[in-house]
Amino acid sequence: MNRYNYIAKDNKTGEIIKGSVQAENKMAAGKLLVERNMVPRQLREFGSGPLDKFLNRITAKDRITFTRQFATLIGAGVPLSESLRTVAEQTENKSMKAVVEDVTTAVDAGEPLAQALGRYPKTFDHVYIELIKAGELSGTLDKALMRLANQLEKDAAVLSKIRSALMYPVIVVVVIIAVMGFMLFTIVPQVEGLYDDLGEPLPVLTQIMVRFANFLIEYWWVVAIIAAIIAYMLFQFTKSKKGIQFRDLFYLNVPMFKQLFRRLYMGRFARTAQILLSTGVPMVETLKISTDAVNNVIVQENLEKATARVANGKALSESLKIQKYIMPILPQMIAIGESSGKIDEMLGKAATVLEDELDEMVRTISTMIEPILMVLLAVMAGGMIAAVLFPIYSLVETV
C-alpha cells in the first residue's frame, strides 16, 4: 500500500479539498477519490519529491522511537492494532507515520505483524522482522520489542561514538585544505608579483607553489572533470561485489582501526544471536540471521562457514575457532555456554565485553589522533609558511 497526497474538488459542495489516501497505485487512488464523489485535480505519491525524501527520511532515531513506544504499549496490555494507532498518532516524521499507518491497516486486515512490517525492508531489516516473527510465535512480542529497542539504541550509540571519533580529524583536514588554498591563491601570487617588480628570481619552493597555483587557476575545469570521473568510478567500484569485498577487507586490516571494527562486528553478531536464542529461534536459523546483521561480507563468509559446520553437527565454539576473522573471545565464551547449557547468556556476556572494549578503543583512538593531526598540520602549514617567508627574508637581505 502506498500513500498519495491529493487535491480534489468535492462534487456536492464544490469545495477544494486537500488530503491523502492509501492505495496500491496511482490509478487505484484516483478511483477511490471518484468513489468518494470527488474529482482529482492533483495526485502525487507521498514523499516522491526530492525535498520530501530528504526532509522526511526515516532515521535510526525514528525506528528506535517507534520500537520503544510500541514495546511499552504492548507490554502494558494494549491491543496490537490500538498500540499501532497510538504510535502513529505520536509519530512526527511523516514518512514513518505513513509506514506505521499502512502497517496498522494490514494488521487490521488480518496480516501477521512481521509480514506487515516486512513490506518495508528499508525501514525494518531482516533481523528486525525475524525477531518480531519469533516474538509472535512464542507469545512474547512485548519482550522481543523491548530487546529490539535496547539493541537498536546500543547500535546507534556505538555508531555515534565512532562518528564522533572520526569527525575531529575530518574537520582538521578540511581546515588544513582551506588554509592551504587561501595561502596558495592569495599570498603566494602577491610574493610572485613583488619579485617580478624587483627583477629577482623566486626561490625553488615558491616557484613550485606558484606553478601549481597557476595550473589550478588556468586548468581548474580539467581538474574538476578528472576529480568527477575518479569520484564516479570509485562510487561504482564501491557498489560492485569486488568493491564491497575490498572495502570490508580494508576495515578488518586498516592500522589503528582494525581492532575497533572487529569488535564492532563481533559484538553485533553476539548481541543479535543472544536475543534470537533467548526468544526461541533455533540455533542454525539464529546463526543465519545474526550473520546478516554483521554487515561485513568477509566476516559473513567466516560465519557462513561456521554455520554450515554447525548444521552438520559440529559444536559452534569449534566451528568459530578455526575462522580467521572471528575474535578468540567469542568461541571461548560460547564453549563455556555449551558446557553449561547457557549459550545465549554467554553470548550476551561476550557482547557486553566487546562493547565495553569498543568504547575504550574509541576513546583511545580519539586521544591518539589529535597529536598525529597536529604534526601533520605543522608540517603542511610549515611548508606553506616557508614558501611565503623565505622569499620575504631573501628580499630583505637583498635590500
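The values are calculated or read from the model by the stated rules, or taken from the named source; none is laboratory data. Source: prediction; values computed, not measured. Heads up, the Cβs are rebuilt from the backbone with ideal geometry, glycines too, and the neighbour counts pull from every protein chain shown.
Which one is farthest from the chain's Cα centre (by Cα), of the residues in the range 31-51 that are assigned to a helix (DSSP H, G or I) and either at pLDDT below 75 or over 15 Å from Tyr4 (Cα atoms) (or both)?
Glu35
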Index of the failed condition, Leu252 passing every other in (1) outside any helix (DSSP H, G or I); (2) touching a residue at least 60 places away in the same chain (Cβ under 8 Å):
(1)
Hey, Val174 in contact with a Pro (Cβ under 7 Å, 6 or more places away or on another chain) and either β-branched (Val, Ile, Thr) or not in a helix (DSSP H, G or I) (or both) or not
no
Find all pairs meeting these conditions: Cβ atoms under 7 angstrom apart; at least six residues apart or on different chains; first residue within the range 277-298 and among the acidic types (Asp, Glu); second residue surrounded by fewer than 23 Cβ atoms within 10 Å (Cβ to Cβ) and modelled with pLDDT under 90.
Asp292/His126; Asp292/Val127
Can you tell me which residues in the range 338-354 are touching a residue at least 12 places away in the same chain (Cβ under 8 Å) and among the small types (Gly, Ala, Ser)?
Gly348, Ala350, Ala351
With the checklist (1) farther than 19 Å from Leu137 by Cα; (2) crowded, with 21+ Cβ neighbours inside 10 Å; (3) touching a residue at least 24 places away in the same chain (Cβ under 8 Å); (4) touching a helix residue (DSSP H, G or I) at 6+ places or on another chain (Cβ under 7 Å) in hand, flag the one item Thr91 doesn't pass.
(2)
